[in-house]
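Working notes, beginning with the structure itself.
The values are calculated or read from the model by the stated rules, or taken from the named source; none is laboratory data. In this text the structure is predicted, and so the values were computed from the model without any measurement. No Cβ is skipped: glycine too gets one built from the backbone with ideal geometry, and neighbour counts run over all protein chains shown.
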Amino acid sequence: MQDRPTIYELLRSVERFLRDDVVPATDGRRQFLARVAANAIGLVERELQGEAEHAAREWAGLDALLGEEPMPGGRDALADAVRVRNDALCARIRAGEYDAASAARTALLAHVRAVVRDKLLVTNRAYLEADGDLG
């Protein structure tokens, strides 16, 4: 683990530089690209900040729907395992396991809503703000 500046401080500094210095000093395509870069850096910061909590919540939801499995350690192993489990969940959905109104369908919908909400917290909080769902 690195000391200061932290990864978050570095990301905020670059984002601020782009927004406050580069964007106002440019126009046209360069200004647009500087805004895109600043937005991408903000997205990376939000993803890093919420990554562990969001992954744990998604894993718990998948456990409830597919049966419990130990959550792997390490970012790459966890991402791979989540993809595999989501593929298994998609196969069950395609097979019609959640078509009828049931407790399983209710659990599936709650899981999907929670995962999408976590993704929107990272990628586009404005959608959640518009619905009053930031709480």
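Only one residue in A130, A114 is surrounded by 15 or more Cβ atoms within 10 Å (Cβ to Cβ) and either at positive phi or among the small types (G, A, S) (or both). Which one?
On the way: A130 fails: surrounded by 15 or more Cβ atoms within 10 Å (Cβ to Cβ).
Matching residue, one of A130, A114: A114.
Tell me the residue from G50, G42, G61, G74 that is on the phi > 0 side of the Ramachandran plot and not acidic (D, E), please.
Working: G50 fails: on the phi > 0 side of the Ramachandran plot; G42 fails: on the phi > 0 side of the Ramachandran plot; G61 fails: on the phi > 0 side of the Ramachandran plot.
None of the other options fit; the residue is G74.
Just to check your reading of the model, which residue among A88, A79, A101 is in a helix (DSSP H, G or I), exposed (fewer than 15 other Cβ atoms within 10 Å of the Cβ), small (G, A, S) and at pLDDT below 95? Working first, answer last.
Details: A88 fails: at pLDDT below 95; A101 fails: in a helix (DSSP H, G or I).
None of the other options fit; the residue is A79.
Among the residues of segment 1-45, count how many are touching a residue at least 12 places away in the same chain (Cβ under 8 Å) and under 25 Å from L121 (Cβ atoms).
Residues of segment 1-45 that are touching a residue at least 12 places away in the same chain (Cβ under 8 Å), as a first pass: 7-8, 11-12, 14-15, 18-19, 22-23, 34-35, 37-38, 41-45.
Filter once more, so that each one left must be under 25 Å from L121 (Cβ atoms): 7-8, 11-12, 14-15, 18-19, 23, 34-35, 37-38, 41-45.
Adding up the residues that qualify gives 18.
Can you find, within segment 59-76, the residue that is nearest to D118 (Cα to Cα) among those that are touching a residue at least 12 places away in the same chain (Cβ under 8 Å) and loosely packed, with under 13 Cβ neighbours inside 10 Å? Step through it out loud before you land on a result.
Taking segment 59-76 as the starting set, the residues that turn out to be touching a residue at least 12 places away in the same chain (Cβ under 8 Å) are 59, 61-62, 64-66, 69, 71, 75.
Among the residues that remain, those that are also loosely packed, with under 13 Cβ neighbours inside 10 Å are: 69, 75.
Details: E69: 21, R75: 17 Å.
Filtering segment 59-76 for residues that are touching a residue at least 12 places away in the same chain (Cβ under 8 Å) and loosely packed, with under 13 Cβ neighbours inside 10 Å, the one nearest to D118 (Cα to Cα) comes out as R75.
It is to be established whether one or more residues within segment 40-58 are of a type in the set (S, T, N, Q), modelled with pLDDT of 95 or more and either under 18 Å from the mean Cα position of the chain (by Cα) or surrounded by 12 or more Cβ atoms within 10 Å (Cβ to Cβ) (or both). Outline the logic, then answer.
Of segment 40-58, the ones of a type in the set (S, T, N, Q) are 49.
Within this subset, residues satisfying the condition of being modelled with pLDDT of 95 or more are none.
No, because not a single residue in segment 40-58 is of a type in the set (S, T, N, Q), modelled with pLDDT of 95 or more and either under 18 Å from the mean Cα position of the chain (by Cα) or surrounded by 12 or more Cβ atoms within 10 Å (Cβ to Cβ) (or both).
Does A114 satisfy the criteria of being free of Cβ contacts under 8 Å to residues at least 60 places away in the same chain and outside any loop (DSSP other than H, G, I, E, B)? So that I can check it myself, show each step before the final result.
On the way: free of Cβ contacts under 8 Å to residues at least 60 places away in the same chain: yes; outside any loop (DSSP other than H, G, I, E, B): yes.
It is true that A114 is free of Cβ contacts under 8 Å to residues at least 60 places away in the same chain and outside any loop (DSSP other than H, G, I, E, B).
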